[in-house]
Amino acid sequence: MQIPEATVLQLLFSGKEWEYRRQRAVKKHRPQSRMEQRPGQYERTIMRIALRIALAASAALLTLGVAQAQEKTLKIGTEGAYPPFNNLTSDGQLVGFDIDIAKALCDEMKVKCTFVAQDWDGIIPALQAGKFDAIVASMSITPERAEKVDFTHKYYNTPPAIVAPKDSDIKGVTKEDLAGKTIGVQAATTHFNYSSKIYTDSTVKPYPTAQEYQLDLANGRLDAANDDIVVLQQWLDSPDGACCKLVGAIKPVVEIHGPGAGIAVRKGETDLVNQFNAAIDAIRANGKYKEINDKYFKFDVYGGDS
Amino acid sequence: MSATATVVERPPPRAQGWPRRRIIGYALVCLWIAFGVGLVSYLVVAWNSELFAKYAPSYLQGLGVTLSLVGISITLGAILSLPVAYARMSKNRILSGLAYCYVYFFRGTPLLVQTFLVYYGVGSFKPQLEMVGLWGFFREAFNCGVFAFALNTAAYQAEILRGAIESVPKGQWEGAASLGLHKLQTLWKIILPQALIVALRPYGNELILMIKASAIVAIITVYDLMGMAKLAYSRTFDIQAYIWVAIVYLVIVEILRHGIEWIERRITIHLKR
């Protein structure tokens, strides 16, 4: 994509320099200059510059067209800090359920896919800015987000839950149970929205990623945390999560949590949405989805049909 | 103006016509004006009173957090900078070496790293801190922010203070000593009044830098101005959230800048000729 711009600049610049040199030559030899006396010289120069610009523009368009014709890869944005759904390994590889699902969908759609890791709170603006073409990052389909992006059908749906330290006196997941407690959540998530709306008697603290509230839960700054049950369970099963226990699952509220996690694309790209939807249905039907599901989970994360 | 006539050089004649430099100048100014008009008209067009009503109070609250965070840190830093500056100028090798290391570390590493070290690093020493009864302090993110910021700004302020004191000629110390003044008296009555004039601008810069740097506490879960903007943005995905916060920071910095200039005019009145 950079080549056309460079070409335009180069052509324009050389045109400008050429003009500059010509004028200097004219000044030097004035008034005997042949060039000065030639009628229509000025118009001809203008014409020549215009021609150069036109040439540069058409060259740019041509290269752009060629580049687009060659580009059949889809860029997928994901977070890379939300195991087991998407995670960056220590050697920089993206792994997880989202990644495997995205790869399966790309195979189904017969396109080549590349992945981009992007911080969660900037993932929708990055999509809109064209850094990638689709978000496969366990993004819940919510009305707020649907105003900015288009969603496919859900590709999984798991309930949210509350965790707390093992010696905690928190008995349940209601507002009363958590009154006066400090709850950690990842910022810009449905869990944050839910916590700040429901647990109004508690302090809700937003963290950039899940890892950070997990750290603060382990060192005791937090009394509880709210996130997806699968993510929390994965952490509890790891050595880092030894401090804590699952208090219970929260019944999802459709207005806040939405029908599940979907794939987000830029507004108006209906073709891509349809392709993704068809591919989701296809991998659900041909067993590929179940294969990936079983690789990560002991239960079905797709949830009921909705 | 002094009584002696000064020779004023005649300014060069105003350039005639439209030389290239003038054209470029006008074009650039027009560009900036267009940019400003564009920004203002965008804000007017995108004005959403519903959003404003929803988020303006939280911005105000965030502004309060930012100002108190910076105010407390700067004050604590100023107090802490006194012994550090003293140690830095001390003839005692160990003392000045320690102070140098302190300043070197806090000026040589990003504030973000220091804040993270304090917030998450201290968090992993919870049992030890509980034993000495400090965990209650470090449990709060705001306190961690103040702690990191105060340490950081103390290093900078110590250097500002040291530079300013050392900028006062040695003869002032010697003159005071010959009059039989005590060292502390000399410092308080003779050196500091001269040094603080030199230090005022750097202090102002430090304050402005701290105001801007304070935006990073949003990462350790403190809802300051920037934290509130992030929150608003994550709910609305409207870039206005950040434009407004930039404007608020700009206004604070502009007020501070004028305040510092006013103070400078006041305290340098005796130097005006």
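Assorted remarks:
- So A:Lys245, is it touching a helix residue (DSSP H, G or I) at 6+ places or on another chain (Cβ under 9 Å), outside the structural domain of A:Gly172 (by TED's automatic domain parsing) and in contact (Cβ under 8 Å) with a residue 40 or more places away in the chain: no
- Of the residues examined, A:Leu232 is one that is modelled with pLDDT of 90 or more, closer than 17 Å to A:Leu178 by Cβ, away from chain B (no Cβ under 14 Å) and outside any strand (DSSP E or B).
- Positions within the stretch A:244-257 being surrounded by 17 or more Cβ atoms within 10 Å (Cβ to Cβ) and assigned to a helix (DSSP H, G or I), in sequence order: A:Ile256, A:His257
- Restricting attention to the stretch B:120-175 and to residues that are within 14 Å of chain A (Cβ to nearest Cβ) and either touching a Lys or Arg at 6+ places or on another chain (Cβ under 8 Å) or of a type in the set (Ser, Thr, Tyr) (or both), the residue that is nearest to B:Arg107 (Cα to Cα) turns out to be B:Tyr120.
- For the stretch B:238-253, a residue qualifies if it is surrounded by fewer than 18 Cβ atoms within 10 Å (Cβ to Cβ) and either among the hydroxyl-bearing types (Ser, Thr, Tyr) or within 14 Å of chain A (Cβ to nearest Cβ) (or both), and the qualifying residues are B:Asp238, B:Ile239, B:Tyr242, B:Ile243.
Matching residues to (1) under 30 Å from A:Thr203 (Cβ atoms); (2) surrounded by 13 or more Cβ atoms within 10 Å (Cβ to Cβ); (3) among the β-branched types (Val, Ile, Thr); (4) out of contact with any His (no Cβ under 7 Å at 6 or more places or on another chain):
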site: B:Phe142; (1), (2), (3), (4): yes, yes, no, yes
site: B:Gly145; (1), (2), (3), (4): yes, yes, no, yes
site: B:Ala158; (1), (2), (3), (4): no, yes, no, yes
site: B:Leu161; (1), (2), (3), (4): no, yes, no, yes
site: B:Thr186; (1), (2), (3), (4): no, yes, yes, yes
site: B:Leu192; (1), (2), (3), (4): no, yes, no, yes
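- Residue check, A:Ala187 small (Gly, Ala, Ser), touching a strand residue (DSSP E or B) at 6+ places or on another chain (Cβ under 6 Å) and modelled with pLDDT under 90: yes
- The condition of being at pLDDT below 90, within 14 Å of chain B (Cβ to nearest Cβ) and surrounded by fewer than 18 Cβ atoms within 10 Å (Cβ to Cβ) does not hold for A:Gly303.
- Any chance B:Tyr223 is within 14 Å of chain A (Cβ to nearest Cβ), of a type in the set (Phe, Trp, Tyr), buried (at least 20 other Cβ atoms within 10 Å of the Cβ) and in a helix (DSSP H, G or I): no
- Scanning the stretch B:253-270 for residues that are hydrophobic (A, V, I, L, M, F, W, C) and either within 29 Å of B:Leu63 (Cβ to Cβ) or touching a helix residue (DSSP H, G or I) at 6+ places or on another chain (Cβ under 8 Å) (or both) yields B:Val253, B:Ile255, B:Leu256, B:Ile260, B:Trp262, B:Ile263, B:Ile267.
- The residue list B:Leu82, B:Leu76, B:Leu117, B:Leu95 contains one member that is surrounded by fewer than 18 Cβ atoms within 10 Å (Cβ to Cβ), assigned to a helix (DSSP H, G or I), within 14 Å of chain A (Cβ to nearest Cβ) and hydrophobic (A, V, I, L, M, F, W, C), which is B:Leu117.
- Strands (runs of 3 or more DSSP E) wholly inside the stretch A:116-222 that include at least 2 residues being touching a residue at least 12 places away in the same chain (Cβ under 8 Å) and facing chain B (nearest Cβ under 10 Å): A:182-186, A:203-207
- Annotation: of all residues in the stretch A:68-115 being of a type in the set (A, V, I, L, M, F, W, C) and part of a loop (DSSP other than H, G, I, E, B), the one that is nearest to A:Gly260 (Cα to Cα) is A:Phe85.
- Meets criteria (surrounded by 13 or more Cβ atoms within 10 Å (Cβ to Cβ), among the aliphatic types (A, V, I, L, M) and within 14 Å of another protein chain (Cβ to nearest Cβ)) for B:Val65: yes
- So A:Leu236, is it of a type outside the set (Phe, Trp, Tyr) and more than 21 Å from A:Tyr155 (Cβ to Cβ): yes
- Looking at B:Arg235, B:Arg273, B:Arg265, just one residue is modelled with pLDDT under 95, within 14 Å of another protein chain (Cβ to nearest Cβ) and farther than 30 Å from B:Ser96 by Cβ, and that residue is B:Arg235.
- When A:Lys148, A:Lys171, A:Lys197, A:Lys175 are screened for being assigned by TED's automatic domain parsing to the domain that holds A:Tyr289 and surrounded by fewer than 17 Cβ atoms within 10 Å (Cβ to Cβ), only A:Lys148 passes.
- Residues of the stretch B:87-104 satisfying the condition of being without any contact (Cβ under 8 Å) to a residue 12 or more places away in the chain and of a type outside the set (A, V, I, L, M, F, W, C): B:Ser90, B:Lys91, B:Asn92, B:Arg93, B:Ser96, B:Gly97, B:Tyr104
The values are calculated or read from the model by the stated rules, or taken from the named source; none is laboratory data. Note that the structure is a prediction, hence the values are computed from the model and not measured. Glycine gets a Cβ as well: all are built from the backbone with ideal geometry, and neighbour counts include every protein chain shown.
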